[in-house]
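One structure is given here, and the rest of the page talks about it.
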Amino acid sequence: MERVDIKIGFSCNNHCLFCVQGDKRNFCGAKPKKEIKESLKEAFKKGKKEVVFTGGEPCLHPDFLELVKIAKDIGFKEIQIQSNGRMFAYNDFCLKVIQAGATQFSPAVHGPNAKIHDYLTGSRGSFEQTVQGIKNLKKLNQYILTNTVITTKNYKSIPRIADLLVGLGVDQFQFAFIHLGGTAWENRGWIVPKKSQTISYVKKGLDIGLGADKRVTTEAIPYCLMKGYEDCIAEAIIPKSMVYDADFIVEDYSQYRKDKGKVKGPDCPKCKYNKICEGPWKEYPEIFGWKEFKPVTK
């Protein structure tokens, strides 16, 4: 089904060192409930049957629970909450969100322990709350798909993160290579690893998930680095999505990624995956060049 992603506000109780939204929290407040309701109606009329509430931290929006209910009443089949997961540490809040109509939860886990996760989120205690939130939601039989942003500070820990996620019983997890926008761009001098350095750890993490019969994916890692794991590349299965951002709308985010977000290198046309591979985020080769990317010809 086609999807709409609505960024309902940019307030957040984390201060992630890799946040692609940067300082939007300082000048983009919570969108008015009326505006979000109209966006939901418009997207539904355009055939979107899934909605993702995100931000910032969507759970901090003053009308969050009512917005979830509005989406349910409009008729959305799947209502996903893309979150840092901290508010789900409160079981009563979990119950209210589920009652309002949420069907999927996508908390972010960026380390196997508090030391790494809390450092990357810039928020002491965030790991404990996020993990407790996942436990609470699983006890309530909710579908959980997590995201982990790959950085210099956590890539060697990816197998341990995978072990943690399997132990917590999440249904699906993804390792997404850092997107160098916002705060991540400000920290680009130290926070972005070379993709070739991370790939062996990523594949070990994927193996752990696959061995536990979990659905596992990667994002922003080109096919030439994913030999043997091509079926785990998320770009091949991401549904067509419309995005309502702070002050603009993207009608087709998949096309937007290809046209404006990602780039191809000089040897990419030689690769057998050229037609389906999106390449890395455009900022990456500005830092590291194209030597890591070898076209697959057989």
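From the largest down, the range 146-209 spans 35, 21, 13 angstrom on the principal axes of its Cα atoms. Please report the projected area of the range 1-156's Cα convex hull averaged over all directions, in nm². Quarter of the Cα hull surface area: 9.0 nm². In the range 88-126, which residues have a backbone nitrogen under 16 Å from the label point lying 7 Å from ALA234's Cα in the Cα-to-Cβ direction? The answer is 104-111.
Of all DSSP beta bridges confined to the chain, the antiparallel ones make up roughly 10%. For a 4.7 Å threshold on C-beta separation, the list of partnerless cysteines in the chain reads CYS12, CYS28, CYS59, CYS94, CYS224, CYS232, CYS268, CYS271, CYS277. From its DSSP helices (H runs of at least four residues, each -39,500 (n - 2.57)), the chain gives a residue-normalised ellipticity at 222 nm of -10000 deg cm²/dmol. With the convex hull drawn over the C-alpha atoms of the range 18-80, the volume per residue is 97 Å³. Each principal axis of the Cα cloud of the range 7-53 was evaluated for its coordinate range; sorted largest first, these ranges are 37, 20, 13 Å. Less than 5 angstrom separates the built amide H of ILE233 from those of THR218, all sequence-distant by 5 or more or on a different chain. In this label model, ILE249 and TRP185 are separated by 2.5 nm, measuring between points 7 Å along each Cα→Cβ vector. Once the mean of 1/r is taken over each pair of separate Cα atoms and inverted, the chain shows a Kirkwood hydrodynamic radius of 19.6 Å. The three principal axes of the Cα atoms in the range 128-236 give end-to-end lengths of 41, 32, 23 Å, sorted in falling order.
With the highest mean first, a sort of the peptides 253-264, 149-160 on other beta-carbon atoms found within 10 angstrom per residue produces 149-160, 253-264. The trypsin sites (Lys or Arg not before Pro) of the range 1-60 meeting both criteria, a DSSP state outside H, G, I, E and B (loop) and at most 12 other C-beta atoms within 10 angstrom of the site's C-beta, are LYS46.
Read-outs: derived from the displayed coordinates by stated rules, not from any lab. Every value quoted in this text rests on a predicted model; they were computed, and no experiment measured them. In this analysis, Cβ positions are derived from the backbone assuming ideal geometry, glycine residues included, and neighbour counts consider all displayed protein chains.
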